[in-house]
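**Q** Sending over a structure as structure tokens; questions will come in a sec.
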Amino acid sequence: MENELDSLENIISNDNRRSGENISMKIDNTILKVKNNYLPDTIDYAVAEMMNDYKEIMKALQSNSGNLAKAKQSIPEVKQKVDDLEHDIKNGVGERERYQEYIDFEKKKIDDIKNVLKYYVETNETFYKRYDSLHPIVSNFADSLLNAKKD
């Protein structure tokens, strides 16, 4: 169990993916450009849909960051419990007939952390891909609005 927790901790500490905060800041700035420079006479549903999809990326990444925080917080707590349990078992402390129950309980916590971390990674990958495909389009649109306003 200790090895599994160390592996999960390594996944978190070696998370070299792009920062969701940086992406959120870029999205905010791009949206602000559009808001300040896009003044249509009528609603353009294609633009509205594109902007809603773009905003959804930021919301999803911000929301998902809580999953990483949960995993980061849980790992040291579970590590401590596993260490305590190992100490108890080695020294015959506590209710020996319940050791397996305690072990199973800690394994369940580790599985929960794995699932949260897996969801975090998969969700971020999905929205990073969406960002990579949509950001250039929205950014070019925002820049074209800004350039048209200057002309």
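**Q** Which of (1) surrounded by 12 or more Cβ atoms within 10 Å (Cβ to Cβ); (2) within 18 Å of residue 3 (Cα to Cα); (3) free of Cβ contacts under 8 Å to residues at least 60 places away in the same chain does residue 79 not meet, given it meets every other one?
**A** Evaluating residue 79 over (1) surrounded by 12 or more Cβ atoms within 10 Å (Cβ to Cβ); (2) within 18 Å of residue 3 (Cα to Cα); (3) free of Cβ contacts under 8 Å to residues at least 60 places away in the same chain leaves (3) as the failure.
**Q** Does the stretch 49-61 include one or more residues that are of a type in the set (Lys, Arg), farther than 30 Å from residue 109 by Cβ, touching a residue at least 40 places away in the same chain (Cβ under 8 Å) and out of contact with any His (no Cβ under 8 Å at 6 or more places or on another chain)?
**A** no
**Q** Does the stretch 68-114 hold any residues that are more than 20 Å from residue 11 (Cβ to Cβ) and among the hydroxyl-bearing types (Ser, Thr, Tyr), and which are they?
**A** Listed by number, the residues that qualify are 99, 102.
**Q** Continuing with this model, one more query. Might you check whether a residue that is over 24 Å from residue 3 (Cα atoms) and crowded, with 16+ Cβ neighbours inside 10 Å occurs anywhere in the stretch 108-124?
**A** So far as the stretch 108-124 goes, yes, one or more of its residues are over 24 Å from residue 3 (Cα atoms) and crowded, with 16+ Cβ neighbours inside 10 Å.
**Q** Ok, one more. So is residue 130 surrounded by 14 or more Cβ atoms within 10 Å (Cβ to Cβ), at pLDDT 90 or above and either touching a Gly at 6+ places or on another chain (Cβ under 6 Å) or more than 20 Å from residue 75 (Cβ to Cβ) (or both) or not?
**A** In short, yes.
**Q** Further, regarding this structure: Can you tell me which residue is surrounded by the fewest Cβ atoms within 10 Å (Cβ to Cβ) among those in the stretch 82-100 that are under 22 Å from residue 113 (Cβ atoms) and aliphatic (A, V, I, L, M)?
**A** Ranking the candidates gives 89 first.
**Q** Would you confirm, using the coordinates I've provided, whether residue 120 is in contact (Cβ under 8 Å) with a residue 60 or more places away in the chain and within 23 Å of the chain's Cα centre (by Cα)?
**A** In short, no.
**Q** Now for a different question. Considering (1) among the small types (Gly, Ala, Ser); (2) within 14 Å of the chain's Cα centre (by Cα); (3) exposed (fewer than 14 other Cβ atoms within 10 Å of the Cβ), say which one residue 65 fails and leave the rest.
**A** So residue 65 meets the others, but not (3).
**Q** Within the stretch 112-134, can you find the residues that are touching a helix residue (DSSP H, G or I) at 6+ places or on another chain (Cβ under 9 Å) and not β-branched (Val, Ile, Thr)?
**A** Correct list: 112, 114, 117, 119, 120, 124, 127, 128, 130, 131, 134.
The values are calculated or read from the model by the stated rules, or taken from the named source; none is laboratory data. All values reported here derive from a predicted model rather than from experimental measurement. Neighbour counts run over all protein chains shown; Cβ positions are idealised from the backbone, glycine included.
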